[in-house]
1. I need a count of the residues in the stretch 68-80 that are buried (at least 17 other Cβ atoms within 10 Å of the Cβ) and among the charged types (D, E, K, R).
2. Quick check on the stretch 96-109. Is at least one of its residues surrounded by 15 or more Cβ atoms within 10 Å (Cβ to Cβ), hydroxyl-bearing (Ser, Thr, Tyr), away from the ligand (no atom under 16 Å from the Cβ) and over 19 Å from Pro40 (Cβ atoms)?
3. Among the residues of the stretch 181-198, is any within 15 Å of the ligand (Cβ to nearest atom) and not polar (S, T, N, Q)?
4. Could you tell me whether Asp83 is among the charged types (D, E, K, R) and surrounded by fewer than 19 Cβ atoms within 10 Å (Cβ to Cβ)?
5. Which pairs have Cβ atoms under 7 Å, sit 6 or more apart or on different chains, and link a residue in the stretch 163-181 that is closer than 22 Å to Ala98 by Cα to one that is of a type in the set (S, T, N, Q) and surrounded by fewer than 21 Cβ atoms within 10 Å (Cβ to Cβ)?
6. Test Val224 against the stated conditions and say whether it is of a type outside the set (S, T, N, Q), touching a residue at least 12 places away in the same chain (Cβ under 8 Å) and within 17 Å of Cys39 (Cα to Cα).
7. Among the helices (runs of 4 or more DSSP H) confined wholly to the stretch 57-157, which include 3 or more residues that are among the aliphatic types (A, V, I, L, M) and touching a residue at least 24 places away in the same chain (Cβ under 8 Å)?
8. Working carefully through the options Gly231, Gly208, Gly247, find the one that is within 14 Å of Gly171 (Cβ to Cβ) and either more than 14 Å from the ligand (Cβ to nearest atom) or out of contact with any helix residue (DSSP H, G or I) (no Cβ under 7 Å at 6 or more places or on another chain) (or both).
Amino acid sequence: MRRRLAAGNWKMNGTRQNLPEIAALAAAHPVAAVDILICPPATLLAQAATLAEGSAVTIGAQDCHPAPSGAHTGDIAAPMLADAGARAVILGHSERRADHAETSALVAAKTRAAHDAGLLAILCLGETLAQREDAQTIAVVTEQLRASLPDSATATNTVLAYEPVWAIGTGLTPSAAQIAEVHGVLRACIAEHLGAPEADQMRLLYGGSVKPDNAAAIFAIADVDGALVGGASLRARDFAPIIAALGSA
Ligand code: 13P
């Protein structure tokens, strides 16, 4: 039985004045039927982790450097994230692959660094609109998985997030059949790479325009174990109904 996960990615949004959103979620969830994760910007990690302490809400980061320390101005190492109170880190997000030319090889190195620091890696993959229209979706996501997943990955230290690039921040979502197809293929691929028991236990999130009004339908799709939510995770009043929908899925 896979424990479901509602993860929020605040991206480059939020200052200290937004911390009450995390406090509100934490206060509303002393315990929860699903795992709840908020990934604020790095500037807020330590304060967010303190606010969430003792609740069902855990705090994660949005990126890490592959090295544990060193001369890398402006970067943050995975052990530093853990020290700040993060329990997870998003890696390979399409915005980082695009904005910072991150390759799958780099994503694999970062994912290994996250594992070494004891962090849960949320590994993102997904096709662009041009790739979907060119019938390349399955080829793209399976290649991203092959090249981004280090052999340190297990169902305990890694979660996959399927995020079609064209669905992020657009209000567009794939059909249920399209999501089910990709998630089914991903689970089969994990079985090839890590074996059937890990594949059976690894959580697969869907991300891209998940909102309170479409969450229940998305969570009813086979092989969807939760969501990675951008815009709708910024306010507790939007994220709470998504958490509730996951809890009753
Ligand atoms: P939106 O929910 O804003 O579409 O963002 C999805 C996403 O990129 C989460 O990582």
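1. Total satisfying the criteria: 0.
2. yes
3. No; the residues of the stretch 181-198 include none that is within 15 Å of the ligand (Cβ to nearest atom) and not polar (S, T, N, Q).
4. yes
5. Val165/Thr128; Trp166/Thr128; Ala167/Thr173; Thr173/Asn214
6. No, not satisfied.
7. By residue number, 78-83, 104-116, 137-148.
8. Values: Gly208 fails: either more than 14 Å from the ligand (Cβ to nearest atom) or out of contact with any helix residue (DSSP H, G or I) (no Cβ under 7 Å at 6 or more places or on another chain) (or both); Gly247 fails: within 14 Å of Gly171 (Cβ to Cβ).
Selected residue: Gly231, the only one of Gly231, Gly208, Gly247 that is within 14 Å of Gly171 (Cβ to Cβ) and either more than 14 Å from the ligand (Cβ to nearest atom) or out of contact with any helix residue (DSSP H, G or I) (no Cβ under 7 Å at 6 or more places or on another chain) (or both).
Only the coordinates and a few stated rules stand behind these numbers; no lab work does. Source: prediction; values computed, not measured. A quick note on method: Cβ atoms are made from the backbone with ideal geometry, for glycine too, and the neighbour counts reach across all protein chains shown.
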